[in-house]
Structures are given as structure tokens and as C-alpha cells.
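The values are calculated or read from the model by the stated rules, or taken from the named source; none is laboratory data. Treat the numbers as computed from the prediction; the structure is a model and nothing was measured. Note that each Cβ is placed from the backbone with ideal geometry, even for glycine, and that neighbours are counted across all protein chains shown.
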Amino acid sequence: MQQAIIRAERVEKYYAQPSENRIQVISPTDLSIVPGEIVALLGPSGSGKSTLMRMLTGLSIPSAGQVYWHEKPIAQADINVAIVFQSFALFPWLTVLENVEAPLQARGMEPVERRKRALKMLDTVGLDGFQHAYPKELSGGMRQRVGFARALVVEPEVLFMDEPFSALDVLTAENLRSELLELWQKKTMPTQAIFIVTHNIEEAVLLADRIIVLGRNPGHVRVDFRVALQHPRDRKASAFTQLVDYIYKVLTQPEAQPPALPRTADGKRVRDQRLMSYQMLPHARPGGIAGLLELMVDHGGKADIYRLADDLAFEVDDLLPIVDASSLLGFLQITEGDAALTSIGSEFANAEILRQKEIFRAAAVENVLLLRQIVRALEAKSDGTVPEEFFHDMLDEQFSEEETLRQLETAINWGRYAELFDFDAQRRRFTLAHNQAAESAAEVSG
């Protein structure tokens, strides 16, 4: 078995809180990168893909565990990696050539040698003749080629790429993927391994020799497998589409069992985020939920969400929160990546606006603990008002500050739409909506 270039052993990332709890971002994870492979890291938003990548590159220190570079702790090793970002991250005041030379200059390389290597790399990525241009004169695809050249000119053992094609149009991204794969297969690029973070399932299947899929809350490895497909890969081939469907199902189906709980140095178990009293509300608006359900009606009440996203020219990662919210409210039933309207979901999709609000109100109070608690707290108060801070403090025990604010924002959007309560943004207080809505909430919370 080949020795790993980078090996992560039980690495985790968490943030301490004023209470005894802590925010767990990545649970204890083992991972290795060996020579001769392209590794793709997939996962839903919030699963810690970029956090994990930063720990593997040495940019972020794990809260526990260790990352090794050729079996030497990464903090003590002379590592040789480069990163390509989705935002190009070029210096606008430097020419193309000067941008590519920049990392070599930072390493103290002599001007003649660094210019020679930079020109050679620009030629390799197809930018010969553009060395004196400035980034603003280039298209998005050409600027990303400069990013590739700048990363490769240092001859990294491992090239890390953080969603490098997501800021490009479809045709440009496809062209760059093909060129990257060609450089890799012809061994034109001076690197031993590529690690690409992506949310595009087809991109992962198209490029990778090995695919790792993360789950979230906290981030953990769901599956880690090799792709047994020869290059070039045909997107329309049955084996390709079956693998895409499989990964989609891994991303969307409920876990069979929770991952092992991490332990502190004194052996105590850390509280698992999945055991929270509050479920994580998907950040979707009622209008988006209604729109999805209406589309499901047009598809006969059943759809493969991945293909539906493709038909709508959506990234599946953008559609998943709406799907998750619809499922949480009982409007959709998700089975191995396929979605089907429930009877109440069908009624909602076909109802008039006022009836939709009634259905949403009942579903929200029945299925969302936070909304149910807000309504009950308001009903228990003689003045019918409760400060936002009361719920903020409860959520803050289980979520980060940023996520706590997002959870409250989502709850406020849903509660206002359902006419469960009003919210005074200036005073930061919840107040009971009109009596009819309050009475309906009381009935369904019964």
C-alpha cells in the first residue's frame, strides 16, 4: 500500500461555548491522500468541507487529532501544497506573469529562474501570449487558468481546489475540467495528487478516482469509495448515471445510525448535535416551499430531486434546503433521493392562498418545536409578547451564534407567513397575531 502524502488521524473541529457544551463542526475523522489519485470531497452546505480542507492544508489547526505530512506532524513539516479558489483571488495590480511569479518570489527564487518557470506554466495552461495582460482584461475562464498556473508553478505535491469551477459559466467550466483532466493524465502538471472540494455530483464522478461524501451536524465521512470507471467518462452511460444517483441518495437519505460520539481528553462524551432538542431548520422561505410543491404537482406528484434540479438549472445544493423544509413539514416524503407529495402536500399545492396559510400553520406548529414553543410562550404571557433574546439564549446552547441568528430568521419567516405571531424588528419582540390565528395555533398544539 502506498504511503500517504497527507494523513488525518481522528481530526476534529469544535468551538468552545461559555457553557459546558461546544459547537462540533467536524467529528473525529480519518482520511488520507495518496499519490496518483484525484479525490473529490462532496457534502451538503454546512457539512464542513472547507473546514476539513483547511485542516488538511495546515491553514487551520484541528481542535483534536493530528494531520501528518509524510508521517510527520504537519506543524513540524515542510509541506508543499497549493490551493485554487473559486474566486480566482488574483492581484489586480499585477500582470498575469507577475501573478504567477508571486509565490515563487515569496519563496525567494531568483528572478531569471522564476520567470522561466512562470512562462512555462502559462504555456502549459494555454495562456502563452497573455503574460503582460492584467486580470481585468481576461474572461472568467482565463482568470481561473491564471489561478491554476499560479498554484502549479510551485510544483505542489498536492493541489487543493475549493469549488474551482462554480463561478464560471457551464461551457467554460466544462472546458476547464477537460483541460485539467488532460494535464493530469498526461502527467504534464507537476503534482502527485489532487483534492477537489465540490458540491457538483457530476463533476465529482467525471473527475475523481475516489469520492468522499460528508454528512453534517457534525461533519463526518458517510462514504469513501473508489470510482471504477475508465476515462474518458460518458455522462450518459448507465454506470455513470447510476453512480450519480447513488451519491445523491447518500446525500439525501437519513443515516441508518449516528456516528460514534467524540470524547474529550478526560474520556467524557461530547453531546451529539443530532441529539439536540431543537431540530435544525432548513433555511427555506415559504414561497420557495410552495413553488417546489406546485412543480411536484406538474411532475405527477413524484420526482427525482436531482433531475428536477437539473431541469430547473439549479445546483442541487441550492434545492436541498427547500426539499428538507418540505419534508420536515410533512409535505414531501423522501425515499432514497426520490420525492413524493404527501396527501397534505398535495392539498397545500392545490389550495387557495388563505387555505395554504392554514395548512402551513398547522404543519409548522405540529412539526417544528421552536415555533410551537414560541406560540405557547406568547399564549402564556398576559401581554402576549416575548423578547427574542429568550429564544436566542436557548438556541445559543446548541448552535453557533451565526446559526442561532439564521434559525431565528427562518422561524420568524415561517411564523409570520403562517400568521402564528408578529415580530417587532425594532424592539426584537414576538407578539401574538390576531386572535383567530392564535386560536388556531392553540387548537393544533392542543
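Just wondering, is there one or more residues in segment 1-8 that are hydrophobic (A, V, I, L, M, F, W, C) and in a strand (DSSP E or B)?
yes
Hey, could you check segment 9-47 for residues that are of a type in the set (Gly, Ala, Ser) and farther than 13 Å from Leu214 by Cβ and say which is surrounded by the most Cβ atoms within 10 Å (Cβ to Cβ)? If you could, list the steps in order and put the result at the bottom.
Kept after step one, since they are of a type in the set (Gly, Ala, Ser), are these residues of segment 9-47: 16, 19, 27, 32, 36, 40, 43, 45-47.
Going one step further and asking which of them are farther than 13 Å from Leu214 by Cβ, we end up with 16, 19, 32, 36.
Working: Ala16: 10, Ser19: 9, Ser32: 17, Gly36: 10.
Restricting to residues being of a type in the set (Gly, Ala, Ser) and farther than 13 Å from Leu214 by Cβ, the top hit is Ser32.
Just need a number here: residues in segment 190-212 that are crowded, with 22+ Cβ neighbours inside 10 Å and within 19 Å of Ala239 (Cβ to Cβ).
Number satisfying all stated conditions: 7.
Which one is modelled with the highest pLDDT among residues in segment 310-328 that are among the small types (Gly, Ala, Ser) and surrounded by fewer than 21 Cβ atoms within 10 Å (Cβ to Cβ)? Spell out how you get there, then give the answer.
Start the filter on segment 310-328 by keeping residues that are among the small types (Gly, Ala, Ser), which leaves 313, 325-327.
Right, trim to surrounded by fewer than 21 Cβ atoms within 10 Å (Cβ to Cβ) and you get 313, 327.
Values: Ala313: 72, Ser327: 87.
Result: Ser327.
Scan Ala363, Ala339 and give me the residue that is surrounded by 20 or more Cβ atoms within 10 Å (Cβ to Cβ), among the hydrophobic types (A, V, I, L, M, F, W, C) and not in a helix (DSSP H, G or I).
Details: Ala363 fails: not in a helix (DSSP H, G or I).
Residue meeting the stated conditions: Ala339.
Give me the pairs: first residue in segment 53-76 and assigned to a helix (DSSP H, G or I), second residue surrounded by fewer than 16 Cβ atoms within 10 Å (Cβ to Cβ) and basic (Lys, Arg), beta-carbon distance under 9 Å, and six or more apart or on different chains, which are they?
Hits for this filter: zero, empty list.
Across segment 86-132, what is the number of residues that are on the phi > 0 side of the Ramachandran plot and aromatic (Phe, Trp, Tyr)?
From segment 86-132, those on the phi > 0 side of the Ramachandran plot are 88-89, 108, 126, 129; that's our starting set.
Checking which are aromatic (Phe, Trp, Tyr) leaves us with 88.
The total comes to 1.
Condition test on Pro156, is it at pLDDT below 85 and crowded, with 20+ Cβ neighbours inside 10 Å? Even if it seems obvious, please write down each step before you answer.
On the way: at pLDDT below 85: no; crowded, with 20+ Cβ neighbours inside 10 Å: yes.
It is false that Pro156 is at pLDDT below 85 and crowded, with 20+ Cβ neighbours inside 10 Å.
If Ala75 satisfies every condition in (1) under 31 Å from the mean Cα position of the chain (by Cα); (2) crowded, with 19+ Cβ neighbours inside 10 Å but one, which is the exception?
Every listed condition holds for Ala75 apart from (2).
Of all residues in segment 125-147, which are in contact with a Pro (Cβ under 8 Å, 6 or more places away or on another chain) and not polar (S, T, N, Q)?
Pass one, segment 125-147, residues in contact with a Pro (Cβ under 8 Å, 6 or more places away or on another chain): 134-136, 143-144, 146-147.
Once the filter is applied, which keeps residues that are in contact with a Pro (Cβ under 8 Å, 6 or more places away or on another chain) and not polar (S, T, N, Q), segment 125-147 yields Tyr134, Pro135, Lys136, Arg143, Val146, Gly147.
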